[in-house]
Amino acid sequence: MGWYFRRSLGLGPFRLNLSKSGLGWSVGGRGFRTGVDARGRRTTQASIPGTGVGYRKVGSRGSRGSRGCLFALGAVALLALGAVGVGVAVAAGVIA
């Protein structure tokens, strides 16, 4: 059995996932979610909320061009989240 690391940050229906393998993202809500995992594979999940029953399909990796675009999207999202965090800290008076 190996060690794993996974953190998730949600912003409405959008979710950034950070793991040992890298950064992934997904979009969706309760019962359905689609996105790209840290290895560049497309994922689609559907479930019956509250039951633990669901289906997950993991597709093949995208082309290198699309992976580069996804990395850029993730980087922009992280920068935006950092800017929002700084703005909240300034508004709260934590940062002068």
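What to note about this one:
- Of all residues in segment 1-48, those satisfying the criterion of being farther than 16 Å from G59 by Cβ and surrounded by 15 or more Cβ atoms within 10 Å (Cβ to Cβ) are R15, L16, N17, L18, S19, L23, S47.
- Against the numbered list (1) assigned to a loop (DSSP other than H, G, I, E, B); (2) touching a residue at least 60 places away in the same chain (Cβ under 8 Å), R39 comes up short only at (2).
- Residue ID - modelled with the highest pLDDT, chosen from residues in segment 50-72 that are hydroxyl-bearing (S, T, Y) and assigned to a strand (DSSP E or B): Y55
- Taken together, the residues in segment 15-36 that are basic (K, R), within 24 Å of W3 (Cα to Cα) and part of a loop (DSSP other than H, G, I, E, B) amount to 1.
- Any chance V90 is surrounded by 11 or more Cβ atoms within 10 Å (Cβ to Cβ), among the aliphatic types (A, V, I, L, M) and at pLDDT 90 or above: no
- If the condition is being over 19 Å from P13 (Cβ atoms) and of a type in the set (D, E, K, R), then segment 33-56 contributes R39, R41.
The values are calculated or read from the model by the stated rules, or taken from the named source; none is laboratory data. Computed from a prediction, not measured in an experiment: that's the story for all the values here. We place every Cβ from the backbone using ideal geometry, glycine too, and count neighbours over all the protein chains shown.
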